[in-house]
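Encoded as structure tokens, the structure appears first; notes follow it.
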Amino acid sequence: MSNSFLTKNALAHSLKSLMEHTPLNKISVKHLVDDCGLNRQTFYYHFQDIFDLLGWIYKTEAVESIAQYRSYNTWTDGFYRIFCYIERNKAFCCNTLDSLGRNHLDAYLYEVTNDLIMGVINELASGLEVRGEDKRFIANFYTLAFTGLMIQWMRNGMKDEPKLIITKLSGLIEGNFLKALHTYEKRPS
């Protein structure tokens, strides 16, 4: 592992630790570097601001972890992993949700969800003549629905079991990805 990655990781760990008890908008770069024993110059060498660090955390901690779940048979496992990440990092994610850094959480959820769904859409579209823009439209629709569901789950205190939510979700959309693709399939004129 590079020194740069280790430094970024130390800063990430400190930010997550501070966010356990302090709202994001009350955490300064000084608090952060004091907590992890680095100086401000080191922080600014790696990140523009705390929101840049926040975005880096979401990208590095979770995005890669679901890459293997981008198929029709495994997408529910990928969603479960997203829910588990949020549960394991509850204070961090909820604190982000209630802060000016909300767009980083939204971007994270959108990116991982869209990547997962796009994999499913591309798999199911194999052999169909569906334009790329139509596949992206379908994926965007489902991505926004799923991310909205996750945000609502967080806002409601994360009371429902993720496996139950995913079971309901799976039943709701079973076959609908393929139906949507057939709706946009190019028909011979």
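Data for the structure
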quantity: Residue identified as within 10 Å of the chain's Cα centre (by Cα), more than 21 Å from MET19 (Cβ to Cβ), in a helix (DSSP H, G or I) and modelled with pLDDT of 90 or more among THR113, THR143; calculated: THR113
quantity: All positions within segment 125-169 that are surrounded by 16 or more Cβ atoms within 10 Å (Cβ to Cβ) and either among the basic types (Lys, Arg) or in contact (Cβ under 8 Å) with a residue 60 or more places away in the chain (or both); calculated: LYS135, PHE146, MET150, TRP153, MET154, MET158, PRO162, ILE165, ILE166, LEU169
quantity: Subset of segment 62-96 [crowded, with 22+ Cβ neighbours inside 10 Å, among the β-branched types (Val, Ile, Thr) and within 18 Å of ALA139 (Cα to Cα)]; calculated: ILE66, ILE82
quantity: Residues of segment 1-58 satisfying the condition of being closer than 15 Å to ASN89 by Cα and touching a Ser or Thr at 6+ places or on another chain (Cβ under 7 Å); calculated: PRO23, LEU24, LEU54
quantity: Filter pass, SER99 being open to solvent by less than 30 Å² (accessible area, probe 1.4 Å) and not in a helix (DSSP H, G or I); calculated: yes
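The values are calculated or read from the model by the stated rules, or taken from the named source; none is laboratory data. These numbers come from a predicted model, not from an experiment. Here the Cβ is made from the backbone with ideal geometry for all residues, glycine too, and neighbour counts use every protein chain on show. SASA here: full protein model, heavy atoms, side chains in, ligands and nucleic acids out. Shrake-Rupley method; radii C 1.70, N 1.55, O 1.52, S 1.80 Å.
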